[in-house]
Amino acid sequence: MEQLLQQVGAGLANGAIYASLALALVMIFVSTNHINFAQGEMAMFSAYIAWQFMEWGLSFWLALPLVMALSFTTGVVIERTILRPLHGAPVLSVVVVFIGLLTIFHALAGGIWTYTIKAVPSPFPEVAFPGSGYIGSHQLGMIGVTVIVLIALFTFFRFTPLGLAMRAAAQNPASARLAGISVDWMLALGWGLAAAVGAVAGCMVAPAVYLEPNMMASILLYGFAGALVGGISSPGGAVAGGFIVGVLENLIAYLGNVVERTTGLYIVGNGEKLTVALVIVIAVLTLKPSGLFGHVTVERV
Amino acid sequence: MSLLEVTALKAYYGQTQVLHGVSFALEAGGITTLLGANGAGKTTTLRSICGMVATEGAIRLDGEPIAGRATEEIVRLGVGHVPEGRGTFTHLTVDENLRVSAYTRRDKAAARRDRDMVFEYFPILKARIGQQAGTLSGGEQQMLAISRALMLRPRLLLLDEPSFGLAPLIVEEIFRIMRRVNSEAKVSLLLVEQNAALALDLADHAYVLETGRVVMSGSAADVKRDEGVRKSYLGY
């Protein structure tokens with residue numbers, strides 16, 4: 001029982017990261033119908049910058065907002081300069097650009113900071129708290145920070161005029177233009193916000209997995225799985241999906257261990273976690289393509 | 001000076017030319033209608049004014065050239081556009097739909113007054129204020145579309161087939177309100193309608209389009225008396 005709760009705790013912590021990344025993917029998807037494959041590498045790069053700031057003597061909690069602001073700006077600049085000329089271009093061109101961005105950020109990180117893994121200290125103090133047997137303080141901190149970011153984003157989109165304008169621009173660009181909204185700028189802002197959310201995910205996960213250029217590769221896949229499970233068209237669903245995937249991958253590995261211990265039969269274990277995530281993606285795409293919380297888009301032709 | 005002056009307007013969808021040199025003008029405070037069969041270029045003319053299609057030729061709003069500008073800029077200069085198909089933000093509430101349209105306005109108190117004004121025009125929208133706009137009936141969505149455009153406090157309102165797919169009683173109500181919008185809120189109207197009889201009753205001036213050219217223009221009363229128009233568009 002204790003082990004089970006530990007697995008759920010760890011799953012929620014991982015899920016928080018997947019949820020952040022899923023949300024970043026969905027934020028760009030709802031307004032452009034594109035999946036930004038470079039989202040993970042951008043987050044990884046942000047984590048490196050945070051690490052660099054800390055090397056220069058800044059505290060984590062000072063570095064984080066700085067990195068978020070930098071990532072936001074970078075996201076806006078990338079949209080305005082690289083993707084802007086591709087508005088209306090075929091999907092494949094955009095995909096190639098995303099893969100290019102992925103490679104560029106990957107190579108830049110390796111070039112600047114080398115491929116040697118770096119340990120990043122957790123910004124959360126190791127203290128005992130009720131339930132600390134089940135979940136580590138960094139894991140709890142990860143969940144806490146993610147939840148704060150998600151609530152802040154929700155508040156922004158739900159209750160501010162700019163958030164409303166961004167939602168309108170994502171939903172119906174033509175009508176948003178007819179309401180006087182600069183849809184192009186809304187897209188760029190969306191990119192900025194996605195990059196900032198990704199930066200938080202990168203900074204939070206780095207202490208848990210060691211910092212290296214490949215850090216986000218599998219996490220992006222999990223995030224993508226989360227987004228699909230929840231519904232790629234639904235930001236709330238993507239967040240829920242991220243947590244679901246996080247908990248599910250741990251539980252399945254745990255159950256696999258239990259089965260192996262009791263029957264000696266090895267079916268799944270920790271090594272197959274990523275496989276499990278991908279099986280979830282395929283299952284969802286097959287059984288419920290719009291995801292658990294997504295809505296089916298009907299296009300009139 | 002005319003409020004809107006369109007000179008030798010040509011419009012293209014890709015390689016296909018849809019307008020072949022359309023010219024017309026409309027006076028401030030008036031109601032003008034564009035008539036014509038399907039494919040004559042009525043909708044394209046409205047879309048051209050709002051910078052939604054590639055065009056050649058001059059479009060002036062109060063003497064200011066607006067051709068080639070971004071849609072959102074033209075809208076902010078005071079051109080409201082109720083598009084074909086209504087353009088509702090279906091996943092936003094009625095309230096949010098109205099607030100989106102007031103987003104670019106600086107004077108929030110005036111925007112609140114305009115909100116009261118559209119609720120006075122269309123009380124049903126006030127009753128539906130928290131409802132998702134996609135769940136409204138067709139008539140209510142058309143009312144919302146007009147209200148959204150009015151929230152921009154336009155000088156000129158472009159209406160693309162406001163009667164399309166609606167029950168006659170609803171159409172009557174909407175046209176009654178359009179007349180009030182024109183006379184009370186001092187908004188000039190440019191109306192595209194399939195229902196020519198209805199349009200000519202409301203308008204004071206009319207242009208008839210045929211395959212991308214203006215083939216006739218005059219006061220609504222004159223156009224209505226024209227035998228060709230009567231046969232082609234009024235059906236008697």
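The set of residues in the range A:7-47 being surrounded by 24 or more Cβ atoms within 10 Å (Cβ to Cβ), in contact with a Pro (Cβ under 9 Å, 6 or more places away or on another chain) and of a type outside the set (A, V, I, L, M, F, W, C) consists of A:Glu41 alone. Within the set B:Pro162, B:Pro154, the sole residue that is in contact with a helix residue (DSSP H, G or I) (Cβ under 7 Å, 6 or more places away or on another chain) and either without any contact (Cβ under 8 Å) to a residue 12 or more places away in the chain or in a loop (DSSP other than H, G, I, E, B) (or both) turns out to be B:Pro162. Scanning the range B:127-145 for residues that are part of a helix (DSSP H, G or I), in contact (Cβ under 8 Å) with a residue 12 or more places away in the chain and surrounded by fewer than 24 Cβ atoms within 10 Å (Cβ to Cβ) gives B:Gly134, B:Gly138, B:Gly139, B:Glu140, B:Gln141.
Note on the range B:45-58: among residues that are touching a residue at least 40 places away in the same chain (Cβ under 8 Å) and out of contact with any Ser or Thr (no Cβ under 7 Å at 6 or more places or on another chain), the one that is farthest from B:Pro162 (Cα to Cα) is B:Glu56.
Of all residues in the range A:2-21, those satisfying the criterion of being aliphatic (A, V, I, L, M), under 30 Å from A:Val258 (Cα atoms) and in contact with a helix residue (DSSP H, G or I) (Cβ under 7 Å, 6 or more places away or on another chain) are A:Leu4, A:Val8, A:Ala10, A:Leu12, A:Ala13, A:Ala16, A:Ile17, A:Ala19. Taking A:Asp184 and the conditions (1) farther than 30 Å from A:Ile280 by Cβ; (2) in contact (Cβ under 8 Å) with a residue 12 or more places away in the chain; (3) in contact with a strand residue (DSSP E or B) (Cβ under 6 Å, 6 or more places away or on another chain), which numbered condition does it fall short on, given that it satisfies the others? With respect to (1) farther than 30 Å from A:Ile280 by Cβ; (2) in contact (Cβ under 8 Å) with a residue 12 or more places away in the chain; (3) in contact with a strand residue (DSSP E or B) (Cβ under 6 Å, 6 or more places away or on another chain), A:Asp184 is out only on (3).
Does A:Val205 satisfy being surrounded by fewer than 24 Cβ atoms within 10 Å (Cβ to Cβ) and aliphatic (A, V, I, L, M)?
Working: surrounded by fewer than 24 Cβ atoms within 10 Å (Cβ to Cβ): no; aliphatic (A, V, I, L, M): yes.
No, not satisfied.
Across the range B:97-110, which residue is farthest from A:Val183 (Cα to Cα) among those that are within 8 Å of chain A (Cβ to nearest Cβ) and surrounded by fewer than 23 Cβ atoms within 10 Å (Cβ to Cβ)? Selected residue: B:Arg99. On inspection, B:Gly57 fails the criterion of being facing chain A (nearest Cβ under 9 Å) and either outside any loop (DSSP other than H, G, I, E, B) or small (Gly, Ala, Ser) (or both).
Taking A:Ile17, is it in contact (Cβ under 8 Å) with a residue 40 or more places away in the chain, hydrophobic (A, V, I, L, M, F, W, C) and not in a helix (DSSP H, G or I)?
Details: in contact (Cβ under 8 Å) with a residue 40 or more places away in the chain: yes; hydrophobic (A, V, I, L, M, F, W, C): yes; not in a helix (DSSP H, G or I): no.
Spelling it out, it is not the case that A:Ile17 is in contact (Cβ under 8 Å) with a residue 40 or more places away in the chain, hydrophobic (A, V, I, L, M, F, W, C) and not in a helix (DSSP H, G or I).
Scanning the range A:261-277 for residues that are within 20 Å of A:Gln3 (Cα to Cα) and not aliphatic (A, V, I, L, M) turns up A:Arg261, A:Thr262, A:Thr263, A:Gly264, A:Tyr266, A:Gly269, A:Asn270, A:Gly271, A:Glu272, A:Lys273.
Just for the range A:122-161: of the residues that are within 14 Å of chain B (Cβ to nearest Cβ) and either charged (D, E, K, R) or loosely packed, with under 13 Cβ neighbours inside 10 Å (or both), which one is farthest from A:Gln7 (Cα to Cα)? The selected residue is A:Thr160.
With the structure loaded, tell me whether A:Ile267 is more than 30 Å from B:Arg76 (Cα to Cα) and either buried (at least 20 other Cβ atoms within 10 Å of the Cβ) or at pLDDT 90 or above (or both) or whether it fails that test. Here the answer is no, as A:Ile267 does not meet what is asked. Against the conditions (1) buried (at least 24 other Cβ atoms within 10 Å of the Cβ); (2) within 14 Å of chain B (Cβ to nearest Cβ); (3) closer than 25 Å to A:Leu66 by Cβ, A:Leu220 satisfies every one except (2). Residue count for the range A:63-79, restricted to those that are in contact with a Leu (Cβ under 9 Å, 6 or more places away or on another chain) and more than 13 Å from A:Leu101 (Cβ to Cβ): 3.
The number of residues in the range B:64-96 that are within 8 Å of chain A (Cβ to nearest Cβ), within 20 Å of A:Phe157 (Cα to Cα) and not in a loop (DSSP other than H, G, I, E, B) comes to 1. Do we find a residue being more than 18 Å from B:Leu158 (Cα to Cα), assigned to a helix (DSSP H, G or I), in contact (Cβ under 8 Å) with a residue 24 or more places away in the chain and more than 20 Å from the chain's Cα centre (by Cα) anywhere in the range B:100-117? Yes, the range B:100-117 contains at least one residue that is more than 18 Å from B:Leu158 (Cα to Cα), assigned to a helix (DSSP H, G or I), in contact (Cβ under 8 Å) with a residue 24 or more places away in the chain and more than 20 Å from the chain's Cα centre (by Cα). Please determine, by comparing only the residues of the range B:53-79 that are touching a Lys or Arg at 6+ places or on another chain (Cβ under 8 Å) and more than 19 Å from B:Ala25 (Cβ to Cβ), which one is surrounded by the fewest Cβ atoms within 10 Å (Cβ to Cβ). The residue in question is B:Ala70.
The values are calculated or read from the model by the stated rules, or taken from the named source; none is laboratory data. All figures in this text were calculated on a predicted structure; none of them were measured in a lab. Positions of Cβ are generated from backbone atoms using ideal geometry, with glycine treated the same way; all protein chains shown enter the neighbour counts.
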